[in-house]
Amino acid sequence: MAIPITIADDSALSRKTIRRVLPADWDVTVHEAKNGVEALEAVNNGLAEVLFLDLQMPQMNGYEVLHELHDKHKKTIVIVISADIQPEAQALVNSLGAFRFLKKPISAEELSDTLQEVGLL
Amino acid sequence: MITLSEEEQDALQEIMNISMGQAADALARLIQTKVALSVPAIEALSPEAFQGMLEGLKSSWSARQSFVGSIRGEVITSIQKEGCEALADIMDFDLPLDKAATEELVLEVTNILSGACLQGFTSQLELTTQLNMPAFYYPENAIKNIDWSSVLVIEVDFKIEHMKFDARVLIGLSEGSIEQALIPIRALLEE
């Protein structure tokens, strides 16, 4: 059965780019969220077994989403895809329970490797 | 004057976001301090308004670099004078900064920030440009003979709160170059 995944990013180009690099043979249903609030809604509605999460978003940013998921003990697999790639951002994201931190611009190869590493492919 | 669609505006902003992320990372690693990033601002200006913007940089030290290639324009890095000493201290400059040391500091930071911003921007769009050496820039010596009929300015802001460090990078593209940059952007949006 197709896995529900959500791409949370305020940039339309960025959401499109992530869609484009998803492995062709990965059986998923893709949902989109434009901010952290929508991302959490997607999780709560069972639309995000895997969440691709941007950090800088309006209304609620990616760090706040990670906090919330952490506090509520959600099982969502979060893969952060961020333009802010400073060591401190990476460390914070890891401490908040994200599975992986990927740098923008993301490549198909890198995403595929990551999905394999976390056992999704 | 050039007008961008909402999608083009979003795409330019996202591409610049990624570029400034790379620039901030380079600076953060050099000085071992987190750098706060702004959302890139994009604005189409008349050459006169661009000139006015440059003349408004008087509370800052600035350096400019021109670039040529498949797109051409100017990158200006402008650092608030107030935060320069704290940065210089971390970078092992002798304090207080004299004129030569100030210029050296500003040119070094310019190389890091302008270089990464422009490089990130052009590599994502698969454009080739060559960045010339930065030159210290005094706003009173305005950039003359800008014969561009319209300028697109992309502005990003880097801040380090506890040091009062505040640097802006402005990328000015001439009208023909805006069109050149929009070709790969439109292709990305269509795929």
Candidate set from the range A:10-21 (those that are touching a residue at least 60 places away in the same chain (Cβ under 8 Å) and touching a helix residue (DSSP H, G or I) at 6+ places or on another chain (Cβ under 7 Å)); member that is farthest from A:SER107 (Cα to Cα) = A:SER14
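Here is a yes/no grid of residues against (1) modelled with pLDDT of 95 or more; (2) over 19 Å from B:SER19 (Cβ atoms); (3) touching a strand residue (DSSP E or B) at 6+ places or on another chain (Cβ under 6 Å):
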position: B:ASP94; (1), (2), (3): no, yes, no
position: B:ASN111; (1), (2), (3): no, no, no
position: B:GLN130; (1), (2), (3): no, no, yes
position: B:LYS144; (1), (2), (3): no, yes, no
Do any residues in the range B:45-61 that are crowded, with 18+ Cβ neighbours inside 10 Å have Cβ atoms under 7 Å from those of residues that are basic (Lys, Arg), where the two are at least six apart or on different chains, and which pairs are they?
-> B:SER60/B:LYS81; B:TRP61/B:LYS81
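Being within 23 Å of A:ASP9 (Cα to Cα) and either facing chain A (nearest Cβ under 7 Å) or touching a Pro at 6+ places or on another chain (Cβ under 9 Å) (or both) is the filter here; which residues of the range B:23-38 pass it? So that I can check it myself, show each step before the final result.
Here is the first cut: in the range B:23-38, the ones within 23 Å of A:ASP9 (Cα to Cα) are B:23-25, B:34-38.
Listed by number, the residues that qualify are B:ALA24, B:ASP25, B:LYS34, B:VAL35, B:LEU37.
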Which residues, counting only those in the range A:5-28, are over 16 Å from A:LEU121 (Cβ atoms) and either more than 11 Å from every other protein chain (Cβ to nearest Cβ) or not small (Gly, Ala, Ser) (or both)?
-> A:THR6, A:ILE7, A:ALA8, A:ASP9, A:ASP10, A:LEU13, A:ARG15, A:LYS16, A:THR17, A:ARG19, A:ARG20
Can you tell me which of A:ALA108, A:ALA89, A:ALA98 is away from chain B (no Cβ under 14 Å) and either closer than 23 Å to A:ALA12 by Cα or surrounded by 20 or more Cβ atoms within 10 Å (Cβ to Cβ) (or both)?
-> A:ALA98
Output for Cβ contacts, cut-off 7 Å, separation at least six or different chains, first residue on the phi < 0 side of the Ramachandran plot in the range B:73-94, second among the aliphatic types (A, V, I, L, M) and in a loop (DSSP other than H, G, I, E, B), reads B:GLU74/B:ILE143; B:SER78/B:LEU57; B:CYS84/B:LEU97; B:GLU85/B:LEU95; B:GLU85/B:LEU97; B:ALA88/B:LEU95; B:ALA88/B:LEU97; B:ASP89/B:LEU95
For the range B:1-106, please list each of the strands (runs of 3 or more DSSP E) lying entirely inside it that holds at least 2 residues being out of contact with any Lys or Arg (no Cβ under 9 Å at 6 or more places or on another chain) and under 30 Å from A:ILE81 (Cα atoms).
-> B:41-45
Quickly run through the range A:75-121 and pick out the residues that are aromatic (Phe, Trp, Tyr) and within 24 Å of B:GLN124 (Cβ to Cβ).
-> A:PHE101
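The values are calculated or read from the model by the stated rules, or taken from the named source; none is laboratory data. None of the values given here were measured: they were computed from a predicted structure. Ideal geometry is used to build each Cβ from the backbone, glycine not excepted, and the neighbour counts take in all protein chains shown.
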